[in-house]
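These notes are about the structure you will find just below.
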Amino acid sequence: MDQEPLVNEKIEAGAAFLKAFGKYAKVKAACWIKEADASKWHLYVASDDITDAKVREGYGQVIQILRKKPSLYLNSFDIKLVSGDHPLVSDISELYKRYPAPIPTRYGGSYFGGMSVDGVLIYPPAKVRKKKTKAKSLNR
C-alpha cells in the first residue's frame, strides 16, 4: 500500500481550515494523524461543540468551508471531527505542555490518542497561533 507523505502544503491547508472552522466551533485540539494501518493522513479536529447530536451539522460546516476555500491539499474525507473528550485531546495537551511551540510539532511515538500511529503532527492551541500572527503584524 502506498504511503502518503504529510507535506507542508497539507499542513498549511489544515491550519487555514482550522482558522475558518474556529469561527463555527471552538477548536479544543487539532492534529494530523497517520494511523498505523492506514495509507493516508487525517486531520483530527476536537471540539466540545461536536457532540453526537451535532456531528452531522459539523461535517456540513466542513463542506461549506472547503467549498468557499477549495484546496488541492485538503478535502472533506481528510477531516475527522471528534468530541472534546476524545483521548487525543489529553495526549495533545500533555505533549504541548512538554514542548510548547507556536508552530506545528511532530510526535514520533507509536501510540497516540488511543491509536497505533505511524506519525502525528499537532497544531498549537488557537490562542498561541493567534499570538504568533499578531506578533508578525506588529513587526511590519
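From the list Val62, Val27, pick out the single residue that is within 14 Å of the chain's Cα centre (by Cα), at pLDDT 95 or above and part of a loop (DSSP other than H, G, I, E, B).
Details: Val62 fails: part of a loop (DSSP other than H, G, I, E, B).
Exactly one of Val62, Val27 is within 14 Å of the chain's Cα centre (by Cα), at pLDDT 95 or above and part of a loop (DSSP other than H, G, I, E, B), namely Val27.
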Give me the pairs, please: first residue somewhere in the stretch 61-84 and surrounded by fewer than 16 Cβ atoms within 10 Å (Cβ to Cβ), second residue anywhere and in a strand (DSSP E or B) and modelled with pLDDT of 95 or more, beta-carbon distance under 6 Å, and either six or more positions apart or on two chains.
Lys80/His42; Lys80/Tyr44
The stretch 30-50, residues that are part of a loop (DSSP other than H, G, I, E, B) and of a type in the set (D, E, K, R):
Asp37, Lys40, Asp48, Asp49
Of the residues in the stretch 85-106, those that are touching a residue at least 60 places away in the same chain (Cβ under 8 Å) and over 20 Å from Phe17 (Cβ atoms) come to Ser93
Report the residue count in the stretch 11-48 for those that are of a type in the set (D, E, K, R), over 18 Å from Tyr111 (Cα atoms) and surrounded by fewer than 21 Cβ atoms within 10 Å (Cβ to Cβ).
5
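The values are calculated or read from the model by the stated rules, or taken from the named source; none is laboratory data. Keep in mind it's a predicted model, so treat the numbers as computed, not measured. All Cβ positions, even for glycine, are placed from backbone atoms using ideal geometry, and neighbour counts span all protein chains on display.
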